[in-house]
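Worksheet: the structure to be examined is printed underneath.
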Amino acid sequence: MATIIVDNKEITVENGALLIEELLKNGIEIPHFCYHPALGKDGNCRMCMVEIEGKKRPQIACDTPITEGMIIRTKGEKIQKVKRQILEMELINHPIDCPICDQAGECSLQNYYMDVGLYENRLSTPKTHGKKNIDIGANVVLDQERCVLCTRCVRFTKDITKTKELGVLNRTDHSVISIFPGRPLSNPYAMNVVDLCPVGALTSKDFRFHKRVWFLEPAEAICNGCSKGCSIYVDHHKAKYEDDSIFRYRPRFNDQINGYFICDVGRLSYKVENKNRESVAKIRGKESEYEYASGKLLRLLKRHQGKILFLISPSLSLEEMAQVKKLSIKYGAKLSGYDICEYDKTFGDDYLKCNDLSTNRRGLNLLDIDESELGESVENIDLAVLIGRDDIETIKNYEQIEVKVLVHPSMPKDNDIYNLYLPMLTHTSRQGSFINIDGYLQFSKSNVEYAKETQSLLQIISILLNDNATTCKEIWDESLNKIIKNIHFEDIQKRSVKMDES
Ligand code: SF4
Ligand code: SF4
Ligand code: FES
């Protein structure tokens, strides 16, 4: 460790580490474009200048290793003047289109300009214009004249995806970011360049112009696209007289699971959450009152006691699995997590994406829920209740199962096969804990609200069990803490925890 003085305040930092990293860790604001913790330094933007005692000129903090006793100034007239000059240069050819730019509200250039910009224009020659609205691949649009040439996007495709679709073309003020001919930016992680771009040069085709970012409310969740369970933010907004809608998913930094990035499939999977929000229950294909339908399910369980199969999705949360298990014990039912639909051997790669598309298969194992093929074990079953999954194919062949019930967020594909359909809230509207493929336990906090009458699975089960445990905390206290002894519910509220280490 080393002790240094920053703006007259003593702080203890890691000796030899990059100055910018330690300053940012300590909450000291250092403007920067080209440095990014996942991509490292590049030293091209010069925005991170600081004064270091003993050095004649200001130095860039992203390429300065820390030494014991350094005295640093990040504020003051001298350093402001340097930043102002750098910003003036960045803005010489920058268009004045902040009011129509999709990055407004989360643009570093706009923020720095408001802090230290030189507000008078000293330019007497016309601006050099770049091309706007260039389609560079499946999900991203490029505006060349908004670019500050920080090369984060180029380094992402070079160092992270190693697909190298982007480069800097031409020289001086004709330099622009571009894809190479015939190589669109269509790799499975392409949309991360939108988050990396500090300005509005790279925007998402899907999100741009749909919502101003200051209206959005971020909720901490985990992606349910595959068993990696990447940490995400769910950016949602409830407009007057409308349901709360999700506008985008963004990566949430998690050094144990996904770092700073997520895949495009996971990022765009929010659409399913907005679409599959059923609120109408059905009995034999006809609409029914929600309460009546859930009462009917209770009566069915009582009538078929001992001859029931609960077929659950391996993507339910630990809390939900624990409660269904309790329900299966109460009604003498068989409980199975058998599910072949949740595998796609073409999906995975050697970075984040996994072939197992379920979010909590390890949860099934932890709670000792059988996931082997159903085979003859369902011969005496009269009532099958599918929870969180709509794959009727699995039980279609068992003719003796006379009553089939579906509890799921979206309307069944095979409407008339189910005797009863009860909607439940979607993934981002239900809180819960999940164990990812590598054994990390995380808690998804998002509970986006919609259709008041639709209940969460925990609420539905509490009615069927006739008990009051509907919150995750109550279920942890009641049953999960007996199995997961060394991890407290409060721990996973803060960060993911590796199960094997505990
Ligand atoms: S497009 Fe964005 S990320 Fe890429 S170099 Fe320009 S400003 Fe940087
Ligand atoms: S890798 Fe899996 S969990 Fe991560 S964002 Fe993609 S689909 Fe979601
Ligand atoms: S962040 Fe240091 S030079 Fe760009």
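The values are calculated or read from the model by the stated rules, or taken from the named source; none is laboratory data. Computed from a predicted structure; not experimentally measured. For neighbour counting, all protein chains shown are included, and Cβ atoms are generated from backbone atoms with ideal geometry for every residue, glycine included.
Taking the criterion of being assigned to a strand (DSSP E or B) and not hydroxyl-bearing (S, T, Y), the residues of region 1-15 that qualify are A2, I4, I5, V6, K9, E10, I11, V13. Looking only at residues of region 16-30 that are assigned to a loop (DSSP other than H, G, I, E, B) and touching a Ser or Thr at 6+ places or on another chain (Cβ under 7 Å), we find that the one that is farthest from ligand 2 (Cβ to nearest atom) is I28. The residue that is nearest to ligand 2 (Cβ to nearest atom), counting only those in region 33-43 that are surrounded by fewer than 23 Cβ atoms within 10 Å (Cβ to Cβ) and assigned to a loop (DSSP other than H, G, I, E, B), is A38.
Checking each residue in region 210-242 for being more than 14 Å from the chain's Cα centre (by Cα) and loosely packed, with under 15 Cβ neighbours inside 10 Å picks out H210, R212, W214, F215, K238, A239, K240, Y241, E242. In this structure, is L352 under 24 Å from N258 (Cβ atoms) and either in the same structural domain as A190 (by TED's automatic domain parsing) or not in a loop (DSSP other than H, G, I, E, B) (or both)? No, not satisfied.
Here is a yes/no grid of residues against (1) outside the structural domain of E379 (by TED's automatic domain parsing); (2) of a type in the set (S, T, N, Q):
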residue: D264; (1), (2): yes, no
residue: N274; (1), (2): yes, yes
residue: K307; (1), (2): no, no
residue: S313; (1), (2): no, yes
residue: S317; (1), (2): no, yes
residue: K325; (1), (2): no, no
residue: S336; (1), (2): no, yes
residue: Y343; (1), (2): no, no
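The rows are residues; the columns are (1) at pLDDT below 95; (2) within 25 Å of N258 (Cβ to Cβ).
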| residue | (1), (2) |
| --- | --- |
| N111 | yes, no |
| R122 | yes, no |
| I136 | no, yes |
| L149 | no, no |
| T163 | no, yes |
| S175 | yes, no |
| A190 | no, yes |
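Just to be sure before I move on: is C153 under 27 Å from D349 (Cα atoms), surrounded by 13 or more Cβ atoms within 10 Å (Cβ to Cβ) and within 16 Å of ligand 3 (Cβ to nearest atom) in the structure I sent? Yes; evaluated as a whole, the condition is true for this residue.
In region 55-68, the residues that are at negative phi form Cβ pairs under 6 Å with partners that are outside any loop (DSSP other than H, G, I, E, B) and away from ligand 3 (no atom under 15 Å from the Cβ), at six or more places apart or across chains, as follows: I66/A2; I66/V13; E68/A2. Run E165 past the list (1) surrounded by fewer than 17 Cβ atoms within 10 Å (Cβ to Cβ); (2) within 13 Å of ligand 1 (Cβ to nearest atom); (3) acidic (D, E) and report the number of the one that doesn't hold. So the condition that E165 fails would be (1).
Okay, residues lined up against (1) crowded, with 19+ Cβ neighbours inside 10 Å; (2) within 13 Å of ligand 3 (Cβ to nearest atom); (3) assigned to a loop (DSSP other than H, G, I, E, B):
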| site | (1), (2), (3) |
| --- | --- |
| C45 | yes, yes, yes |
| G54 | no, no, yes |
| Q85 | no, no, no |
| Q103 | yes, no, yes |
| E106 | no, no, yes |
| S124 | no, no, yes |
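The set of residues in region 127-169 that are of a type in the set (A, V, I, L, M, F, W, C) and part of a helix (DSSP H, G or I) comprises C153, V154, F156, I160.
When every residue of region 135-158 is checked against the conditions, none turns out to be within 23 Å of C48 (Cβ to Cβ) and of a type in the set (D, E). Taken residue by residue, region 247-270 has no member that is on the phi < 0 side of the Ramachandran plot, among the β-branched types (V, I, T) and away from ligand 2 (no atom under 11 Å from the Cβ). Inside region 224-247, residues that are at pLDDT 95 or above and within 12 Å of E449 (Cα to Cα) make up a count of 4. Report yes if some residue within region 299-308 is closer than 22 Å to C230 by Cα and part of a helix (DSSP H, G or I); otherwise report no. No: zero hits. Only a single item in (1) in a strand (DSSP E or B); (2) of a type in the set (S, T, Y); (3) more than 25 Å from I484 (Cβ to Cβ) is not met by S433, and it is number (3).
Just so you know, in region 342-355 the residues that are surrounded by 14 or more Cβ atoms within 10 Å (Cβ to Cβ) and at pLDDT below 95 include one that is nearest to S433 (Cα to Cα), and it is E342. Within region 168-195, if we keep just the residues that are within 23 Å of S108 (Cβ to Cβ) and within 16 Å of ligand 2 (Cβ to nearest atom), the residue that is surrounded by the fewest Cβ atoms within 10 Å (Cβ to Cβ) turns out to be D195.
Among the criteria (1) more than 16 Å from ligand 3 (Cβ to nearest atom); (2) modelled with pLDDT of 95 or more; (3) of a type outside the set (F, W, Y); (4) over 27 Å from the mean Cα position of the chain (by Cα), the one P181 does not fulfil is (2). From the list I483, I437, I461, I487, the lone residue that is among the β-branched types (V, I, T) and surrounded by 21 or more Cβ atoms within 10 Å (Cβ to Cβ) is I461.
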